[in-house]
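All remarks here apply to the structure that follows.
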Amino acid sequence: MRKRAEGAAVRRTTPESTGAISCPQRNAIYNAPIAEMSAPATCRLRVGLSLLLVLCFVHCVTAAATNLTESEEQLAARILALTGPGTIAVDFVNRSSLSQKEVEDIRRGILAKLADRGAHFVATEQAVAAVRISLSENLQNYVWIAEVHQGPSDAPPILISLPRPEAQASQPETALLAIHKALLWSQEDRILDVVVVDGNPAHMVVLDSNAATIYKLQHTGWQAEQSLLIAHSRPWPRDLHGRLRLRKDHLFDAYLPGVYCRSSANAPLTMSCSDSDDPWPIGNEFASLSAFYAASRNFFTGALAPGIGKQTAAPAFYSAAAVPRENYTLWLFAATDGHLHLLDGMADQTAGKLGWGSEISALRSNCGSGWQVLASGTSDGPKDTLRAFEFADRDPVAVSQTQEFPGDITALWADSSGAGAIAVTQDLQADRYEAFRVTLSCGR
C-alpha cells in the first residue's frame, strides 16, 4: 500500500531575489487537496488585487493629469478668444489649498498653453491685455477664474472647474489645543460686549443696554469709575446685541441696533450717541470688514462694506470669522439658515450644517496653522460649549476638546488683535450674565 507521503507533492517557492511576489507551487497530486493546499488560489487572488491596485493608481494619476491638461488648454483657448494672439500680462493668485509647487506647475502649464496659441508675455504697461488668474476651490472642485482687462470695458470672468481629488480616508492626527477662559465680569443686566484697555492700571469697558461703564483694575478687583448712558430714540429689539471697538484717536466706539456712540478722548470721558444705520466692524487688524446689522432683528443683513474682493454681500448671518491666508482672507459666516458659508473674494461656498451654534470667532495663536476658529455648540445639558477648529483646506478639523460655559453663549466677539475673544453667557439658573476672556494655547 502506497504511503500518503509518497503521493503528496513537494512544495517549492520561486526565488525572491527578483522582487516578485512569491507564491507556493503545487505539482499534480493523487490525494484530494487538503485545506492548507488552497494557498495557490489565495496567492493568485493577492497578485490579482495588487495588479488591480496598481492599475487603479495609474488610471487615477493619468486621469488627474488629463483633467489638468484639458483645463489648462480650455482656459488658454478662452482667454485668447478674447485677447487674440499678441502681448499680454498674466498675474496669478492662489486662493485655494494647493501647495506652492502645485500652483507653480499649474502656472507653467497655463503659460505654456497660452504661448502655444501665440501669446507673448510682457509687463502690464506694455501689454495689450492684462489677465488675472485666480486659483480657487469649493468643496467638490477646483475653480480657476480668469479676469481679462482689455480696452474700456472688461469681459465677464472666465470660469473653469475640475474635480478635486478625493480626501484621504484618514487625516494625520492634529495636536490638540487647550481653550482657556477667565471670568472678567458678572452682572444681572445683559452684557453685550467687553473690552480691556491695557495700561497701568488697566481699564475695562462693559457695554449693556443702558450704558458703557468704565472700570479700573485695583488690588481688590475691578472698581467702577464712570458710567456713560446710552441715548436712543427707538425701543431695543428683544434679543439685543452690541459691539465695542477701541480706537486710537479716542477711547472707544459702541454699536447697537440703529445707534452709534462715540466716546471722547480724555478723562473725564463723555459719550455722544445718535441714530445710525452705519455698518458694524466685524474684522480685526489683519482683516478689515464691516457689515450692516438689522436694527429690528438679531442678525446681520449680509450687506458688507467695503466687501471681500468682488463680493459685497454674504447670506444673512449671526456672526463671522476671518482666517488670513498667504494671498487672501477666508471669511466664515454662521448664516441664519444654519449653514456655514465660506467667502474668499471670488466664490461663496457652503460647508453645510455642521451642528455648530450661531457664534463663531477667529483667534490668532502660535499653534498649528496660526489661526483657529472658535465655534459654539450645545452640550448634553443646558450649558453651551466652545471648540476650536482649523481650516487647512475648506473642511473644518477639530483641534481642541470642548470647553463648557455656565449657560447659553449669547455673544462671541474677537478683540482687534485677534489674540483673544470675549464670550458672553447667560446663566438662567443664577439669572446673571457673565463675560469671559477666551484664549488658546498649544498642547492639552
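Overview of values
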quantity: Search result, residues across segment 406-444 that are among the aromatic types (Phe, Trp, Tyr) and either modelled with pLDDT under 95 or within 30 Å of Ser97 (Cβ to Cβ) (or both); calculated: Trp413
quantity: Matching residues, segment 362-376, being small (Gly, Ala, Ser) and assigned to a strand (DSSP E or B); calculated: Ala362, Ala375, Ser376
quantity: Filtered residues of segment 250-270 (kept if within 15 Å of Val197 (Cβ to Cβ) and either touching a Leu at 6+ places or on another chain (Cβ under 8 Å) or not in a loop (DSSP other than H, G, I, E, B) (or both)); calculated: Leu251, Phe252, Asp253, Ala254, Ser263, Ser264, Ala265, Leu269
quantity: Criterion: in contact (Cβ under 8 Å) with a residue 60 or more places away in the chain, touching a strand residue (DSSP E or B) at 6+ places or on another chain (Cβ under 7 Å) and of a type outside the set (A, V, I, L, M, F, W, C) - qualifying residue of Asp275, Asp253, Asp193; calculated: Asp193
quantity: Pair list, Cβ < 7 Å and 6+ apart or interchain, from segment 96-122 residues that are without any contact (Cβ under 8 Å) to a residue 40 or more places away in the chain to residues that are of a type in the set (Asp, Glu) and part of a helix (DSSP H, G or I); calculated: Ile110/Glu72
quantity: Residue within segment 200-223 that is within 26 Å of Arg95 (Cβ to Cβ) and modelled with pLDDT under 90 present; calculated: no
quantity: Residues satisfying the stated conditions in segment 71-91, i.e. free of Cβ contacts under 8 Å to residues at least 60 places away in the same chain and either part of a helix (DSSP H, G or I) or crowded, with 17+ Cβ neighbours inside 10 Å (or both); calculated: Glu72, Glu73, Ala76, Ala77, Leu80, Ala81, Ile88, Ala89, Val90
quantity: Residue list for segment 287-301, restricted to those being assigned to a loop (DSSP other than H, G, I, E, B), hydroxyl-bearing (Ser, Thr, Tyr) and over 21 Å from the mean Cα position of the chain (by Cα); calculated: Ser296
quantity: Test: Leu251 is over 21 Å from Asp408 (Cβ atoms), touching a Cys at 6+ places or on another chain (Cβ under 9 Å) and at pLDDT 95 or above; calculated: no
quantity: Selection from segment 308-329 of residues that are part of a strand (DSSP E or B) and within 17 Å of the chain's Cα centre (by Cα); calculated: Ile308, Gln311, Phe317, Tyr318, Ser319, Ala320, Ala321, Ala322, Val323, Pro324, Thr329
quantity: Arg234 over 20 Å from Tyr433 (Cα atoms) and among the charged types (D, E, K, R); calculated: yes
quantity: Any chance Ser233 is hydroxyl-bearing (Ser, Thr, Tyr), exposed (fewer than 14 other Cβ atoms within 10 Å of the Cβ), in a strand (DSSP E or B) and more than 36 Å from the chain's Cα centre (by Cα); calculated: no
quantity: Enumeration of residues in segment 367-403 that are among the hydroxyl-bearing types (Ser, Thr, Tyr), touching a Ser or Thr at 6+ places or on another chain (Cβ under 8 Å) and at pLDDT 90 or above; calculated: Ser376, Thr385, Thr402
quantity: Residue count, segment 331-361 (criterion: part of a strand (DSSP E or B), within 28 Å of Thr425 (Cβ to Cβ) and in contact (Cβ under 8 Å) with a residue 60 or more places away in the chain); calculated: 1
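The values are calculated or read from the model by the stated rules, or taken from the named source; none is laboratory data. What you are looking at is a predicted structure, and each value in this text was computed from that prediction instead of being measured. Quick reminder, even Gly has a Cβ in these numbers, built from the backbone with ideal geometry, and neighbours come from all protein chains shown.
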